[in-house]
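**Q** Below are the structure tokens for one structure; questions will follow.
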Amino acid sequence: MRRVITYGTFDLLHYGHINLLRRAKAYGDYLIVAISTDEFNWNQKHKRCYFTYEQRKALVEAVRYVDLVIPEESWNQKRSDMHEYHIDTFVMGNDWTGKFDFLREEGVEVVYLPRTPEVSSSQIKQDLYDAASVEKSQTCHDDIETDPSPRNGETSK
């Protein structure tokens, strides 16, 4: 059985993430996804997530290509993960090209896959921020009329 591993934050899970997971799984029979913990994201990456680690883990576990989710707690654990999980192939997005080539020393194939060009979590966050500040949209479900039938003597047009 060929084992594949990838790492990421997977906040605001979107179809670019799904594409990465689908393509990573194609390199083997068993896909392990290491998700950055909240502490690792904040303390070492200086990144704040919308969803907690447990919520992100539940989302990724629901993806059919994923066989196992583990926590990523530090940059240094990658070398030991290759041995602990008997990894054959390490997969990352090509925005990381060259950064993990040292894993070849552990006997692991290192693959950098092209990102899905039209989507990223950072872009989604920016687009939502821009839309909220321009449109001042505050619509909630209570403000939406879902019954199109006339009420109290009104006539439909």
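Just so it is clear, none of the values below were taken in a lab; they were calculated from the coordinates. Just so we're clear, the structure is a prediction, and the values are computed from it rather than from any experiment. Using ideal geometry, Cβ is built from the backbone for each residue, glycine included, and neighbour counts are taken over all protein chains shown.
**Q** For Leu113, which sequence-distant residues (separation of 5 or more, or a different chain) have an amide H within less than 5 Å of its own amide H, given hydrogens modelled in the peptide plane?
**A** Counting only residues 5 or more places away or on other chains, the set is Met92, Gly93, Asn94.
**Q** Counting Lys and Arg as +1 and Asp and Glu as -1, each charge on the Cβ, what is the dipole of segment 19-122 about the Cα centre in debye, to the nearest 20?
**A** Values: 14 positive and 17 negative charges, 88 e Å.
Approximately 420 debye in magnitude.
**Q** For a label point 7 Å from the Cα of His14 along Cα→C-beta, name the residues of segment 37-81 whose backbone N is under 13 Å from it.
**A** Correct set: none at all.
**Q** Could you list the GluC sites (Glu not before Pro) in segment 72-111 that lie in coil according to DSSP, counting only those with at most 15 other Cβ atoms within 10 Å of their Cβ?
**A** In loop regions of segment 72-111 (DSSP not H, G, I, E or B), the sparsely surrounded GluC sites (Glu not before Pro) are Glu73.
**Q** In segment 16-60, whose amide N lies under 13 Å from the spot 7 Å out along Cα-to-Cβ of Glu106? List them in ranges.
**A** 32-34, by backbone N distance to the label point.
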